[in-house]
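Undergrad: Please read through the structure below; I'll follow up with questions.
Each value in this text was obtained by applying a stated rule to the coordinates, not by laboratory testing. Since we're looking at a predicted model, the values are computed, not measured. Glycine also receives a Cβ, built like all others from the backbone with ideal geometry; neighbour counts cover every protein chain displayed.
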Amino acid sequence: MARSSRISCLVPVYNGERYIAEALDSLLAQTLLPREIIVVDDGSTDGTAEIVRGYGPPVFCLHQENAAAARNRGLQEVQGDLVAYLDADDIAVPERIERQMARFEIRPELDASLAYVENFWDDDLRHEMEGLDSDNPWRKPLPGTVTQAGLARRGVLTSIPFDPEIPICHDQDWYVRATECGTVIEVLPEILVKRRMHRNSLSHSGRDAVEQDMLLWVKKALDRRRSVEP
Amino acid sequence: MLNGSTRLQVVGPHVAAKVMDGEAIFINLASGMYYSMDEVGGTMWVLLGSDHSLEETSRLIAERYGIAEERAYEDVEALARKLLEEELVQPSSAESAAPQPELPSTDGAGPYTAPELSRYEDMAELFALDPPLPELPDAPAS
């Protein structure tokens, strides 16, 4: 199978008209092109669908509400055996897919290749970046989760579905559950995704919702851990 | 210092706390550590977290578990001290308790045991990926 034809991209989106074109353009500018880019629209009410339709193949759009369910639904539609996620407000560097694909060729046992993400601030939040100390972790590259910067085997993603009860932190929850069951994950120490911080991103809205999600994720992790302890 | 009339609140905005299935979970987003407390600790936190003083909490715990109030107070104070040491709570200026909240069910609960606060550190990097930003100044009005 040709390298390109193994790879499908999934881009979940909700009201992403402002940034989705940049995200899609970054995937279409990859040095190793994916066979398809599937945008999963989580009930957008803005012009997202129209923008996506304007691209045409290899960009396709489907609809599924609930962010975690949207990620799962997208998996039912992909044709590649490797799936690269990208958030609709982020940007993949041109070599992202090629670099991660190479890891699967070097390590056939690999289930998921993650990479580092680097935050960048949209103009309307530039004051935030200026308010951070230079050693603040938000100004440094961080290891990304599977949905931020992952290329993973479709079979692994379908056998460990995202938890719809954890609509915001489902990717961190996925990582914890995947490692619990022995999934082979490596983090490539290279920045392959630029993560946009903007006023509508989850990190900047709904503090309570994020906290409730984290608390439930932790509670479920503790319950699982106790259930296997002797 | 702590005394019977001390009331507590979580240290905002980087500490999140909730009681689920009788278990209290705390996350300190600044340190990346998270904590859990068993059923007795969860019940104590339901009370302490709703502005009940140490003394009021001890009285209700003593009634609920049929133990001496002195013993309950000793355990409530020890728990409060641990929560303070871990910088999860701070004294609050509340002057009275909120209406008594619903307490976790005692169905299937064992006999009273002093609460334990367990601390975990294994998810710090994952918390750092998507936290509500605790250290940033408020955005100017747009």
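Undergrad: Below 8 Å, C-alpha to C-alpha, sequence gap of six or more: please give me the relative contact order for chain B in percent. Write out the running numbers ahead of the final one.
TA: Details: 214 pairs, mean separation 46.8, N = 142.
Here the relative contact order equals 33 percent.
Undergrad: Just add up the charged neighbours of A:Gly182: K/R +1, D/E -1, any other residue whose Cβ is under 12 Å from the Cβ of A:Gly182. Provide the component values of the computation, followed by the final result.
TA: Details: positive: A:Arg177; negative: A:Glu109, A:Asp111, A:Glu180.
Cβ neighbours under 12 Å give a net charge of -2.
Undergrad: Please tell me the relative contact order of chain A in percent, rounded to the nearest whole number, where contacts are Cα pairs under 8 Å and at least six residues apart. Please list the in-between numbers first.
TA: Details: 444 pairs, mean separation 50.2, N = 230.
Contact order relative to length: 22 percent.
Undergrad: When the gyration tensor of the range A:1-124 is built from Cα positions, what are the square roots of 5 times its three eigenvalues, in whole Å, from largest to smallest? Intermediate values should be presented prior to the final figure.
TA: Working: eigenvalues 110, 55, 36 Å².
With the √(5λ) rule applied to the range A:1-124, the semi-axes are 23, 17, 13 Å.
Undergrad: Give me the log10 of I(q) over I(0) for chain A at q = 0.07, 0.10, 0.11 Å⁻¹, as the Debye formula computes it from C-alpha points; what are the numbers?
TA: Normalising to I(0) and taking log10 leaves -0.21, -0.44, -0.54.
Undergrad: Additional query: Once the principal axes of the Cα atoms of chain B are found, what is the range along each, listed largest first in whole angstroms?
TA: Ordered largest first, chain B gives principal extents of 53, 33, 26 Å.
Undergrad: Moving on. Quote the FRET efficiency, to the nearest 0.05, computed for B:Ser50 versus A:Arg3 with a Förster distance R0 of 41 Å and r equal to the Cβ-Cβ distance. Kindly include the intermediate steps, with their values, before the conclusion.
TA: Values: r = 58 Å, r/R0 = 1.43.
So the FRET efficiency works out to roughly 0.10.
Undergrad: Gaussian network model of chain B, Cα springs within a sub-10 Å range: biggest mean-square fluctuation belongs to which of B:Ser58, B:Ser96, B:Ser36?
TA: B:Ser96
Undergrad: Oh, and also: With each pseudo-label sitting 7 Å past Cα toward Cβ, what's the A:Ile106-A:Val228 distance in nm, one decimal?
TA: The two pseudo-label positions are separated by 2.8 nm.
Undergrad: Still on this structure, please answer the following. How much net charge surrounds B:Gly42 when only other residues with a Cβ under 13 Å from its Cβ are counted (Lys, Arg +1; Asp, Glu -1)? Before the final figure, lay out the partial values.
TA: Values: positive: A:Lys219, B:Lys18, B:Arg64; negative: B:Asp21, B:Glu23, B:Asp38, B:Glu39, B:Glu102, B:Glu116.
That sum, taken over residues with Cβ under 13 Å, equals -3.
Undergrad: A further question follows. Report the antiparallel proportion of the DSSP beta bridges in the protein assembly as shown as a percent, rounded to a multiple of 5. Intermediate values should be presented prior to the final figure.
TA: Values: 27 of 52 bridges.
Antiparallel: roughly 50 percent of the beta bridges in the protein assembly as shown.
Undergrad: Between A:Ala209 and A:Arg53, what length in nm is gained on full extension when 0.36 nm per residue of separation is reduced by their alpha carbon distance?
TA: Details: separation 156, 0.36 × 156 = 56.16 nm, distance 3.13 nm.
Gain on extension, A:Ala209 to A:Arg53, equals 53.0 nm.
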